[in-house]
Amino acid sequence: MLEWRPVAGFEDYYSISNEGNVVRTLTRYGRPIWKPCKPTDRRGYDGFALCVENIVTWVSGHREVWKAFEGPIPEDAEINHINGIKTDNKLSNLELCSRSENAVHASRVLGRFQGERQWAAVLNEQDVRDIRELYAKGNISQQKLADQYGVIQITISRAIRGANWSHVK
């Protein structure tokens, strides 16, 4: 069932629903209003620009839903989107977790941030296998491998040690 609560810090002006929608409830002149706010894209997440007395504050939709319906978010906690869809801010799709739990959820459950699917990956799985094989033979330094593959030495070191690309055998 749809439920509305005031947005923390903006109680007199904005409300948020348990489905992640935000509405303005009071004009700057103090008149009641029910005006939906359009979400803006902030790194894939829904955000809202809330304006009170000509001061604009950007808030995260998922964090505001949690605060309105579940209470404060501890400093060491994050809000996880259970289904992995960053714009699905329904309360039923949100859970409180640690940073490490959120990272595990993103990589293991959703298959993100691993190997070639990681947005910043320069190497691919075959490159990593080749690098490990070449280095194991002992004929080439990590720096020469880095030059050959167009990366920095630490990237090669982490691939060899399995700090990165640990899923590649």
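Of all the residues in region 13-67, those that are in a strand (DSSP E or B) and either of a type in the set (A, V, I, L, M) or not assigned by TED's automatic domain parsing to the domain that holds residue 78 (or both) number 11. Checking each residue in region 51-64 for being crowded, with 18+ Cβ neighbours inside 10 Å, under 14 Å from residue 24 (Cβ atoms) and either among the β-branched types (Val, Ile, Thr) or in contact with a helix residue (DSSP H, G or I) (Cβ under 9 Å, 6 or more places away or on another chain) (or both) picks out only 59. Candidates are the residues of region 141-166 that are of a type in the set (Val, Ile, Thr) and part of a helix (DSSP H, G or I); the one that is surrounded by the fewest Cβ atoms within 10 Å (Cβ to Cβ) is 154.
Take the conditions of a type outside the set (Phe, Trp, Tyr), touching a Phe, Trp or Tyr at 6+ places or on another chain (Cβ under 6 Å) and at pLDDT 95 or above and apply them to residue 94. Does it pass? Considered against the rule, which asks whether it is of a type outside the set (Phe, Trp, Tyr), touching a Phe, Trp or Tyr at 6+ places or on another chain (Cβ under 6 Å) and at pLDDT 95 or above, residue 94 comes out as yes.
The values are calculated or read from the model by the stated rules, or taken from the named source; none is laboratory data. As the structure is a computational prediction, the values presented were derived from the model and not from experiment. When we count neighbours, we look across all protein chains shown, and the Cβ atoms used for this are built from the backbone with ideal geometry, even at glycine.
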